[in-house]
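Each remark here refers to the structure printed beneath this line.
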Amino acid sequence: MSNVYINNIQKFMPNEPVDNKDIEEYLGYIGGKKSKAKNIVLRSNGIKRRFYVLEKGTQKPLFTNAQLCSNAINKLVDKDFTLEDIECLACGTTSPDQLMPGHTLMVQGELGISAIETISASGICLSGINALKYIYYGIKAGELTKAVSCGSEASSPILCARNFKEESNHQLEELEKNAGIAFEKDFLRWMLSDGAGAMRVENNPNKDKISLKIEFIDVLSYAGEMPVCMYSGLELSDDSIKSWRTFEQKEVMEKSLLSVRQDVKLLNDNIVEYTVIKPLIKIIEKRKLKADEYDYFLPHYSSTYFRDKLYEGLVKANFEIPYDKWFTNLVTHGNTGSASMYIMLEELFNSGDLNKGEKILCYIPESGRFSTAFMSLEVV
């Protein structure tokens with residue numbers, strides 16, 4: 001079987017960075033009032049700035065999700081690679097611009113290339129790594145030689161105040177007493193960021209600069225034993241899960257069923273156990289891993305609140321990696337979901353700090369129904 005190499009990584013962040021104090025100038029004020037949850041959540045998540053596709057003050061999107069991807073992918077073009085070299089394009093996102101057709105087809109349309117294989121990976125944070133794994137399998141099996149994977153998010157249009165207008169009007173009396181929406185919705189308005197990352201993946205490494213050899217990508221889901229935690233398009237109760245399609249259109253708007261929600265308590269109680277401890281113990285046994293073999297640990301976590309909890313999880317899995325080996329840019333780029341690992345790796349890959357022989361362990365959890373991925377890379 002062929003080895004698989006990441007030979008270039010690029011990112012595209014839309015517009016200028018948005019500081020904490022300006023968030024509602026982009027997303028708008030729900031019910032015309034400032035959020036009471038905003039400062040609480042921002043203190044916890046530690047994010048100092050993020051990026052939005054939106055225009056300040058108007059909530060007008062200046063980029064589509066597909067355009068974020070095409071901009072990142074176009075930056076992969078250099079003397080060794082053109083768009084016409086792409087045999088397969090795989091894109092993952094939580095927030096496609098449309099229900100159909102598939103997200104990757106829209107990206108392909110933006111790029112203007114034809115007669116290639118495509119796949120759209122759905123899901124939440126894992127969709128980006130699942131897109132990469134599809135290409136990894138293709139090259140490993142000898143079916144592909146040059147391909148591109150992409151992870152992207154355009155979450156801000158979903159988080160706009162206008163999307164909660166009907167709900168806030170419907171609950172006007174309650175809002176007079178409590179200016180805001182349910183915390184499981186408001187929580188995510190201060191967490192998410194927009195952006196895209198793209199990787200050029202091939203069956204041979206670069207000749208004159210470093211590459212990242214993919215040693216493995218292991219993805220494990222615990223949806224068979226864990227309930228829904230992060231979701232959109234559903235109404236959950238103790239004994240049922242109802243799709244937005246079963247509601248009248250008016251109810252969909254009044255309940256903001258297409259907004260993104262997070263069961264914060266369920267997240268806090270289970271994210272480390274089901275995305276770190278249980279899967280990592282299994283992967284360590286399968287891959288015969290040793291923590292001291294890794295020079296870098298790249299964790300995708302949604303909030304700096306989870307940093308110490310993640311470390312404790314590594315210790316419980318008997319896989320302690322000291323903080324001085326950790327690399328993340330959450331504070332400066334925000335939580336870009338499926339694009340986060342791409343955006344982290346882009347910065348590290350192009351930093352000039354990597355040396356041949358070094359090894360990188362990447363951790364990508366997803367709280368939708370508790371799934372996780374660990375990816376091992378070697379600098380060659």
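The values are calculated or read from the model by the stated rules, or taken from the named source; none is laboratory data. Predicted model only: the values in this text are computed from it and were never measured. When we count neighbours, we look across all protein chains shown, and the Cβ atoms used for this are built from the backbone with ideal geometry, even at glycine. These area figures cover heavy atoms from the full protein model, side chains too; ligands, DNA and RNA do not enter into them. Shrake-Rupley method; radii C 1.70, N 1.55, O 1.52, S 1.80 Å.
List of remarks:
- Among the conditions (1) open to solvent by less than 40 Å² (accessible area, probe 1.4 Å); (2) at pLDDT below 90, the only one that residue 216 does not satisfy is (2).
- Screening the candidates 252, 272 for the property of being open to solvent by less than 70 Å² (accessible area, probe 1.4 Å), under 22 Å from residue 188 (Cα atoms), of a type in the set (A, V, I, L, M, F, W, C) and under 18 Å from the mean Cα position of the chain (by Cα) yields one hit, 272.
- Per-region count, the stretch 202-239, residues part of a loop (DSSP other than H, G, I, E, B), of a type in the set (Gly, Ala, Ser) and farther than 23 Å from residue 95 by Cβ: 2
- Only residues that are closer than 17 Å to residue 216 by Cα and of a type in the set (A, V, I, L, M) were counted across the stretch 112-143, and they come to 7.
- So residue 67, is it free of Cβ contacts under 8 Å to residues at least 60 places away in the same chain and open to solvent by 50 Å² or more (accessible area, probe 1.4 Å): yes
- Taken over the stretch 1-42, the residue count meeting the criterion of being open to solvent by 60 Å² or more (accessible area, probe 1.4 Å), closer than 21 Å to residue 304 by Cβ and either of a type in the set (Ser, Thr, Tyr) or assigned to a helix (DSSP H, G or I) (or both) is 3.
- Every residue from the stretch 336-380 that is without any contact (Cβ under 8 Å) to a residue 40 or more places away in the chain and on the phi > 0 side of the Ramachandran plot: 352, 357
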